[in-house]
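The values are calculated or read from the model by the stated rules, or taken from the named source; none is laboratory data. What you are looking at is a predicted structure, and each value in this text was computed from that prediction instead of being measured. Glycine gets a Cβ as well: all are built from the backbone with ideal geometry, and neighbour counts include every protein chain shown.
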């Protein structure tokens, strides 16, 4: 309803059969929707056990040739330590995939980070609760932490 109220047309595709709320995930159809200016929301992960929703986001991003994976979460980026328990934790503006993996920064699972690294698909981690954060990212402004191949 929120998207519809501002004139956006959205389609929900699911890796699992959920006919009442979503159509099945079909890559070609998702790309066509995007080319038509629609918003595509992917649900139900990959539809396979042992794969996280982070890995699903990376996979779907690669499949549709996305420019960026958006990771909306409860914190406003990636920190050197858990900011809830360490008052000296510092937020990274940019971090490389290798740093995130090697330092186990807990932003996403290693499979998702590795997939994005290997396909040169950057990730932007930001707070889902910070008003205007998504809009700033879409408009090309700095928000949260960007995970890239070379900082």
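Does any residue of segment 50-60 turn out to be assigned to a loop (DSSP other than H, G, I, E, B) and farther than 23 Å from residue 101 by Cβ?
Going through segment 50-60, the residues assigned to a loop (DSSP other than H, G, I, E, B) turn out to be 50-52.
Applying the additional criterion that residues be farther than 23 Å from residue 101 by Cβ yields none.
No, the conditions are met nowhere in segment 50-60.
Kindly list, by first and then second residue, each pair from a residue in segment 87-110 that is on the phi > 0 side of the Ramachandran plot and crowded, with 16+ Cβ neighbours inside 10 Å to a residue that is at pLDDT 95 or above and not in a helix (DSSP H, G or I), limited to pairs with Cβ atoms under 6 Å and residues at least 6 apart or on different chains.
none
For segment 1-45, which positions are in a helix (DSSP H, G or I), exposed (fewer than 11 other Cβ atoms within 10 Å of the Cβ) and out of contact with any strand residue (DSSP E or B) (no Cβ under 9 Å at 6 or more places or on another chain)?
Correct list: 2, 5, 28, 35.
If only one of 134, 59 is surrounded by 14 or more Cβ atoms within 10 Å (Cβ to Cβ) and either free of Cβ contacts under 8 Å to residues at least 40 places away in the same chain or over 22 Å from residue 9 (Cα atoms) (or both), which one is it?
59
Pick from 74, 130: which is at pLDDT 95 or above and under 25 Å from residue 2 (Cα atoms)?
The conditions single out 130.
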